[in-house]
Structures are given as C-alpha cells and as structure tokens.
Amino acid sequence: MVTLSKGGAYLLNGTEVIEVAGDTDELLKSKLGRSVSKEEAAKNTIAYNILEQHNTSGNMDKLQIKFDKLTSHDITFVGIIQTARASGLEKFPIPYVLTNCHNSLCAVGGTINEDDHMFGLTCAKKYGGVYVPPHQAVIHQFAREMLAGGGKMILGSDSHTRYGALGTMAMGEGGPELVKQLLSQTYDINMPGVIAVYLSGEPVKGVGPQDVALAIIGAVFANGYVKNKVLEFVGPGVSSLSADFRIGIDVMTTETTCLSSIWKTDDKIKDFYDIHGRSEEYKELNPGDVAYYDGVVYVELDKVKPMIAMPFHPSNTYTIEELNANLMDILDDCEKKALVSLDGQVEFTLKDKVRDGKLYVEQGIIAGCAGGGFENICAAADILKGKSIGADEFTLSVYPASTPIYVELARNGKLADLMATGAIVKTAFCGPCFGAGDTPANNALSIRHSTRNFPNREGSKLQNGQISSVALMDARSIAATAANKGFLTAATDVDAEFTNPRYFFDKTIYENRVFDSKGVADPTVEIKFGPNIKDWPKMVELTDNLILKVVSEIHDPVTTTDELIPSGETSSYRSNPLGLAEFTLSRKDPAYVGKAKEVQAAEKAREAGECPCTALDELRPVMDTIKSVYKDINKENIGIGSTIYAVKPGDGSAREQAASCQKVLGGWANIAKEYATKRYRSNLINWGMLPFLFDSDDLPFSNGDYIFIPDIAEAVREKRSEIKAYVVKDELKEFELKLGELTDDEREIILKGCLINYNRV
C-alpha cells in the first residue's frame with residue numbers, strides 16, 4: 001500500500017524510479033547516454049524550480065522567499081495586522097485575503113466575533129486587501145477557488161495551507177512570518193529536502209482521498225521521514241485522480257510534518273482552473289527528464305483500503321477491515337494511548353461502543369478544507385440516497401467548504417438527497433476541526449472527514465471532566481456508516497452507484513458578497529476596534545544573563561499546539577493577548593498559568609527598578625547561590641522568566657499563540673529534545689523566546705527548578721550553538737543547552753525581545 005525508499009532516488013522521465021545504490025551512476029549513464037550528478041538532478045524537481053523563482057538571496061542553500069499572496073482567517077488576522085501596524089504598516093504590499101471561517105459560529109464572547117470581523121473588513125479597505133464574510137468559504141477552499149496559480153507561492157497563517165495539487169507551493173506558518181511579508185521582508189529557510197510521492201495504479205471504488213492521505217501519514221509520521229521537507233507528487237497514478245481527489249490528499253500532507261507540497265499538473269487541473277474562470281492561472285508542471293529526490297514514498301493506489309485514524313492522532317491508522325477484525329485489541333491500545341494523552345485525568349474507553357461485535361459511533365461529520373469538497377459530499381449523498389441515518393444516537397452533519405459548492409449541491413439535488421436521510425447540512429465553517437461546534441456527548445465517539453483528532457480537538461473539556469474523541473475517516477465510509485445507522489462500515493462494503501456529477505462554479509456568489517479592494521488602499525478608512533481587541537503588551541530586550549524557572553515538564557512523545565493553547569473555546573479571545581494567555585496549557589497543565597505569573601511578577605519588579613526577590617521570596621537563595629560564583633550579577637543585568645520542558649512540542653496548528661501566550665506570561669524559552677515542526681520553532685523565535693535543545697532523556701533539572709544561563713545575550717550575538725547553563729540548588733550544577741541554527745535576523749529578533757521590537761518604528 002505505502003512503502004518508503006531507504007535513501008535517495010532518481011526519477012527518469014517522470015515514470016521510472018532508480019534508487020541510489022552502488023551501480024547507480026553506471027545505470028543512469030546507460031539509460032541517459034551521459035553522466036548526471038545528484039546536484040544537477042536535484043535542480044530538476046518542480047519544488048526546486050518554484051523555490052528558485054521566489055528566492056531573493058541568490059543562494060539556493062540559504063533561501064529568502066517572497067510569496068505571491070497571503071491568506072489568514074479570523075483567529076489569526078487580528079494579531080497579524082496589529083503586529084504589522086505596530087511596525088509601521090501602511091499598505092498590504094501583495095494580495096492578502098482575510099477569511100472568516102473560524103469565529104463565525106462560536107457561541108461565546110458576546111460581540112467579540114463580529115467585532116473581529118469588522119476589524120478585518122475595515123483593514124481590508126484601509127490597507128488594500130480582500131475580505132471574505134462569514135459562511136462564504138473556509139480559508140483553504142477560497143484560496144483554491146480564487147488564489148491558487150501554477151508555479152505560485154502562497155503563505156497562510158493556518159497549518160493546512162496546502163494548494164500543491166493546483167501547482168501552487170503553499171506553506172502554513174505562524175502569524176509573525178506573514179508580518180514579515182507585509183513589511184516586505186523574507187521567509188528565511190535552508191533549502192529543504194524534496195521527497196517524491198510516487199503514485200501508481202488507481203483507487204478502487206469506495207476509496208477516497210482521506211483514505212490515501214491516512215495511509216501516507218501512518219507510514220511517515222512517526223519515523224520523521226518527511227519532516228520539514230517538500231512532498232512532490234509524481235508518477236503515473238496522478239493522472240487517475242480528479243482535481244478534488246488530489247486536493248483531498250494534499251491538504252492532509254500537513255499531518256506528515258512536511259514543510260509544503262507540490263504536484264505535477266495536467267489537463268484535469270487545467271479543467272479546474274477553466275471551471276473557476278481562471279484559465280490563465282494554469283501552468284503545466286513536471287519534473288525534468290532526470291530529477292533527484294531525497295527519498296521516495298511509494299503509494300499503490302489500487303491497494304489502499306478504507307482507513308481510520310483512531311484517537312488521538314492522524315497517524316494512529318488502521319484499515320477499517322483491520323479494525324473490525326481486531327476490534328478489542330485495537331481499542332485496548334487506544335486506552336493505553338489515552339493514559340499518555342490524557343494523563344489519566346479521566347476514565348477513557350471505547351470498548352463500551354462494541355455492540356454485537358461491531359463498533360458503534362454516535363456522530364459523523366464531513367467538513368472543512370479536507371472533507372467539505374464537492375466530490376466528497378456528492379459521493380456521500382450517493383451512498384446515502386434513499387436511506388435513513390436512523391432516529392437513535394447517531395447524527396450526521398455536513399459542511400460544504402464554500403457557498404458556491406453549497407449552491408451547486410442544491411442545484412444538482414445532492415443537498416436534498418442528504419437532508420432526506422436525516423443529515424444536517426450547514427454553512428462553510430471550520431469549527432468541527434478545532435472544537436467550536438458539534439462537540440459530541442461525554443464518552444461519545446465521532447467519525448470525521450476533517451484534518452485532526454488530537455485530544456479535546458473535538459471540543460470536550462478535560463479540565464471539566466469531559467472527554468469525547470474523534471476518529472478520522474473518508475466521507476464515503478462515514479456515509480456508509482451513517483447508512484448502517486452508526487455501525488462502523490467501510491464504503492467498499494456497500495453497494496452504491498457513484499454518479500460523479502460535473503461541478504459548475506458560480507462566480508457571481510463571490511462577486512456579490514466578497515469585498516475586494518483590487519489592491520487599492522484607502523488610508524482614510526478608520527479601523528473598527530471592538531473592546532476585546534488589545535495591543536500586544538510591552539516586551540523587553542534579552543538581558544545579559546537569564547534566570548529561568550521550569551514551570552511545566554511534559555514527557556509525552558509529542559505535545560500538540562492544542563495542548564499548549566487550546567482551540568475551540570479560546571478562539572473568541574485570540575484578539576486579546578492577555579485574555580487568551582489565561583488558557584495557556586489549561587488542558588495539559590492547569591497549574592502553569594499561576595506558576596508563570598509568580599515568576600513574571602519578579603521580572604516586572606526588576607523592570608520597575610525594584611528587587612525581584614520582594615515579589616518572589618524563593619528567589620533569594622537562588623540569587624545568593626548565583627552571586628557566590630558570578631559576583632557581578634545584579635537586577636540590571638539578569639532577567640527572570642519561565643520556561644517549559646517538552647520532549648517534542650509544536651505538532652499541529654500554525655497558531656502563533658502557542659508561543660506568544662507563554663511570552664505574554666513571562667516565558668523566555670522552551671527546552672525540548674526536538675521541535676515537532678519548523679513553524680512552532682519559528683513562532684518561539686519571532687516572539688523572542690530561546691528555542692533551546694537538550695537531546696538526552698536524562699534531564700539535569702525538574703519542574704520547579706531554577707536554571708541560570710550566564711552571558712546568554714553574548715552567546716546569541718556570537719552565534720554559539722552550545723550554551724553553558726546551571727541548575728541552581730545549594731550550588732551550581734553545570735549542563736549544556738543547544739540553540740540550533742539561527743539566521744542573523746532571528747538572532748537579532750531574540751536579542752530585541754520579539755519581532756515587534758525588531759521592526760518597531
């Protein structure tokens with residue numbers, strides 16, 4: 001189904017893979033009639049050529065990228081624009097689309113959500129952007145329909161910014177990276193590795209894009225095979241897939257931890273652009289005659305079966321056939337994983353879902369950028385036509401990804417077919433993906449064609465003793481399960497006739513409702529600020545020396561951004577840095593906020609010229625121990641902050657708040673064995689936080705310990721990679737931290753205290 005090469009490989013004429021081995025050079029020479037170097041062939045990938053066209057550094061090893069377009073949604077654009085405004089923003093220099101698909105159905109916050117929307121509309125007018133009102137489209141569907149273009153690059157403040165199937169290399173990053181683009185700065189990265197995803201065959205009837213995506217994620221996530229690399233989809237199997245099918249696989253590549261994705265393009269993608277009235281944006285993309293890749297993911301599409309990702313991660317994958325055959329064993333394994341993910345805070349079991357040997361689920365959701373596509377919903381309607389979801393616990397909700405899709409479903413009759421079964425069809429909204437709407441009952445299991453199934457991602461609140469969970473599946477198997485009244489069923493096990501209706505895009509829907517400045521700014525427009533929209537608090541520069549108190553210690557194999565700052569109920573507060581910070585680690589470590597504030601009080605006293613020990617008495621012996629060796633330490637040259645330790649933090653969402661909330665509470669660093677994603681590490685850096693690494697399991701410190709780091713500012717300036725540090729007890733116990741590679745700009749941002757300070761005018 002999915003296998004991985006053991007090393008690099010060459011792709012000849014887009015069809016033949018030759019893995020690197022002892023006789024590779026001779027084999028290539030015999031086939032090509034000439035010698036070819038790995039360096040030469042690496043320049044023939046689609047990815048290399050797009051990156052080269054957007055690189056401004058003149059050095060393809062050290063990229064400085066300028067994107068063609070930007071996009072954000074309503075839990076990120078307020079903070080981004082506020083940060084850019086503080087740095088002197090006068091006009092959006094490139095097209096910037098502000099969509100409203102995350103805070104459009106949230107039931108908390110009073111006027112907060114609509115205040116944020118009015119902020120977005122007035123900023124689009126003032127700075128020359130595009131504003132997509134609530135319920136019109138989820139961020140990524142609008143980008144597919146209206147922004148993507150062959151050979152272009154798009155940066156979005158959402159981790160699932162992936163438009164590779166349409167020939168657009170897109171990346172999801174934290175807000176500060178978009179701020180840099182708004183200020184005409186660059187996205188700085190080393191040239192990433194490129195991994196070929198070689199598709200062969202074609203999917204069997206009933207298998208959908210989520211099935212293929214989950215099969216890939218299950219094969220590459222845990223081993224880090226594609227981490228921070230670009231996935232390039234090639235091979236003869238690509239042509240067997242429709243544009244919608246490719247899009248459905250592509251959007252889920254985020255869950256592999258890759259940096260971005262790109263696909264070869266063909267007439268089916270040209271047809272997509274034609275349908276959407278943007279034929280000029282199509283560009284045929286293919287790798288060169290001989291292209292070198294750093295690895296190959298082989299996907300035999302005809303062998304992919306309906307898949308399910310069990311709680312609590314998209315990589316916890318099984319075929320539905322395998323799950324049904326080994327039900328109790330797999331459910332037992334889920335309980336063991338829950339002990340880690342939920343820290344034993346609540347009792348968790350799925351074994352009570354087994355009825356007469358079959359797994360019963362209480363909810364089905366088909367939604368958002370992954371599930372809400374036209375073909376997914378039509379296929380689900382075909383499976384369900386003439387049937388009923390029943391009048392018991394099981395419910396089914398469907399969210400078309402855009403109003404144009406919704407309208408076409410109404411026109412072709414699929415909407416009526418779905419609703420006649422008892423399914424509810426709602427407007428374009430991302431809520432089910434991050435826990436803002438459709439939260440299942442306590443102990444219930446939801447099957448979803450959405451992007452993630454992290455703990456509490458479905459909206460339950462562990463801190464209130466609630467727990468429900470999500471398994472990821474394709475829309476087709478969700479529909480088959482719905483037709484079976486909630487008993488888990490693979491789509492390949494039902495007899496359905498797929499009608500595959502053609503899609504017709506009605507551009508007037510957006511013309512009538514979306515505000516498009518056409519890039520013309522109107523500086524006379526007054527921005528509307530709601531009472532919840534607050535400026536970022538003042539942040540000080542990095543001090544010469546640093547005292548850090550460890551205020552949380554997390555030993556889970558991976559810590560998601562949802563655990564660092566919860567999604568769902570916090571969404572309405574993301575325009576209020578201080579208000580949002582109160583939720584930091586609330587699901588994972590409820591004591592964190594109080595502990596961080598205690599340390600922050602000492603730092604605030606120091607900044608006010610007072611002795612920090614007056615605010616935090618436990619600092620007295622710490623300072624005495626430090627001064628016994630470093631006699632010139634005083635409140636002017638030593639900062640006091642908090643840090644967390646996590647094994648591998650930052651998997652999942654691009655939201656900058658996972659880092660900024662720690663900063664707002666006085667955090668000055670993270671310590672990790674490794675960082676799950678580049679984007680989380682970048683968020684730390686852009687908020688002036690030191691991304692320390694400690695690569696041993698044998699920690700020299702524990703939660704509650706103080707760490708002293710002398711000459712830290714000098715170490716950052718001098719580009720030291722190893723940092724001397726001490727655990728402060730009755731004496732100083734030395735150990736070593738690492739910083740990893742930092743660009744000159746990143747070092748300056750850390751020294752200045754944050755990106756705002758770095759850019760402040």
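The values are calculated or read from the model by the stated rules, or taken from the named source; none is laboratory data. All values derive from a computational prediction rather than experimental measurement. Every residue, glycine among them, receives a Cβ derived from its backbone with ideal geometry; neighbour counts consider all protein chains shown.
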(message) I'd like the full set of residues that are out of contact with any Phe, Trp or Tyr (no Cβ under 6 Å at 6 or more places or on another chain), closer than 28 Å to V17 by Cβ and basic (K, R), limited to region 30-77.
(response) K31, R34, K43
(request) Out of the residues in region 592-634 that are in contact with a helix residue (DSSP H, G or I) (Cβ under 6 Å, 6 or more places away or on another chain) and of a type in the set (D, E, K, R), state the one that is surrounded by the fewest Cβ atoms within 10 Å (Cβ to Cβ). (result) R620
(request) Starting from region 186-209, take each residue that is in contact (Cβ under 8 Å) with a residue 12 or more places away in the chain and list its partners that are among the basic types (K, R) and buried (at least 20 other Cβ atoms within 10 Å of the Cβ), counting only C-beta distances under 6 angstrom and pairs at least six apart or across chains. (result) P192/K229; G193/K229; I195/K229; G206/R476; G208/R476
(message) Could you check region 677-712 and list, in sequence order, the residues that are among the hydrophobic types (A, V, I, L, M, F, W, C), assigned to a loop (DSSP other than H, G, I, E, B) and crowded, with 24+ Cβ neighbours inside 10 Å?
(response) W687, M689
(request) Out of L693, L742, report the one residue that is within 29 Å of the chain's Cα centre (by Cα), in contact (Cβ under 8 Å) with a residue 40 or more places away in the chain and over 23 Å from S157 (Cα atoms). (result) L693
(request) Say whether the condition of being more than 22 Å from G435 (Cα to Cα), in a loop (DSSP other than H, G, I, E, B) and out of contact with any strand residue (DSSP E or B) (no Cβ under 6 Å at 6 or more places or on another chain) is met by at least one residue in region 572-593. (result) yes
(message) List the residue pairs whose Cβ atoms are under 6 Å apart, where the first residue sits in region 224-246 and is in contact (Cβ under 8 Å) with a residue 60 or more places away in the chain and farther than 11 Å from V297 by Cα, the second is β-branched (V, I, T) and part of a strand (DSSP E or B), and the two are 6 or more positions apart or on different chains.
(response) K229/I195; V230/V194
(message) Take E458 and tell me if it is surrounded by 20 or more Cβ atoms within 10 Å (Cβ to Cβ), assigned by TED's automatic domain parsing to the domain that holds Y406 and of a type in the set (D, E).
(response) yes
(request) Would you please name the residue that is surrounded by the most Cβ atoms within 10 Å (Cβ to Cβ), looking only at residues in region 1-36 that are out of contact with any strand residue (DSSP E or B) (no Cβ under 9 Å at 6 or more places or on another chain) and farther than 24 Å from Y225 by Cβ? (result) D25
(message) Being more than 15 Å from the chain's Cα centre (by Cα), modelled with pLDDT under 95 and not acidic (D, E): is that true of G224 here?
(response) yes
(request) Just name the residue that is surrounded by the fewest Cβ atoms within 10 Å (Cβ to Cβ) out of those in region 405-444 that are modelled with pLDDT under 95 and part of a helix (DSSP H, G or I). (result) F434
(message) Can you pull out every residue in region 29-88 that is at pLDDT below 95, farther than 30 Å from S104 by Cα and among the basic types (K, R)?
(response) K29, K31, R34, K38
(message) What's the total number of residues in region 730-761 that are part of a helix (DSSP H, G or I) and of a type in the set (V, I, T)?
(response) 3
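Yes or no: K358 surrounded by fewer than 18 Cβ atoms within 10 Å (Cβ to Cβ), of a type in the set (K, R) and in contact with a Phe, Trp or Tyr (Cβ under 6 Å, 6 or more places away or on another chain)?
Taking the combined requirement at face value, the residue satisfies it.
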(request) From the list E39, E52, pick out the single residue that is of a type in the set (D, E), closer than 16 Å to G288 by Cα and loosely packed, with under 12 Cβ neighbours inside 10 Å. (result) E39
(request) Identify all residues within region 357-413 that are within 17 Å of V494 (Cα to Cα) and among the acidic types (D, E); write none if there are none. (result) D382
(request) Please tell me if T257 is at positive phi and in contact with an Asp or Glu (Cβ under 8 Å, 6 or more places away or on another chain). (result) yes
(request) Please work out which one of (1) surrounded by 21 or more Cβ atoms within 10 Å (Cβ to Cβ); (2) farther than 30 Å from K604 by Cα; (3) at pLDDT 95 or above; (4) of a type in the set (A, V, I, L, M, F, W, C) is the condition V520 fails and give its number. (result) (1)
(message) Out of the residues in region 445-455 meeting the condition of being under 20 Å from D651 (Cβ atoms) and not polar (S, T, N, Q), tell me which one is surrounded by the fewest Cβ atoms within 10 Å (Cβ to Cβ).
(response) F454
(request) Tell me which residues, restricted to region 610-634, are in a loop (DSSP other than H, G, I, E, B) and of a type outside the set (D, E). (result) C611, A615, L616, S628, V629, Y630, K631, I633, N634
(request) Quick one: Y293 ticks every box in (1) more than 26 Å from K229 (Cβ to Cβ); (2) in the same structural domain as G7 (by TED's automatic domain parsing) except a single one, so which number is it? (result) (1)
(request) Could you tell me whether region 507-524 includes any residue that is aromatic (F, W, Y) and more than 28 Å from the chain's Cα centre (by Cα)? (result) no
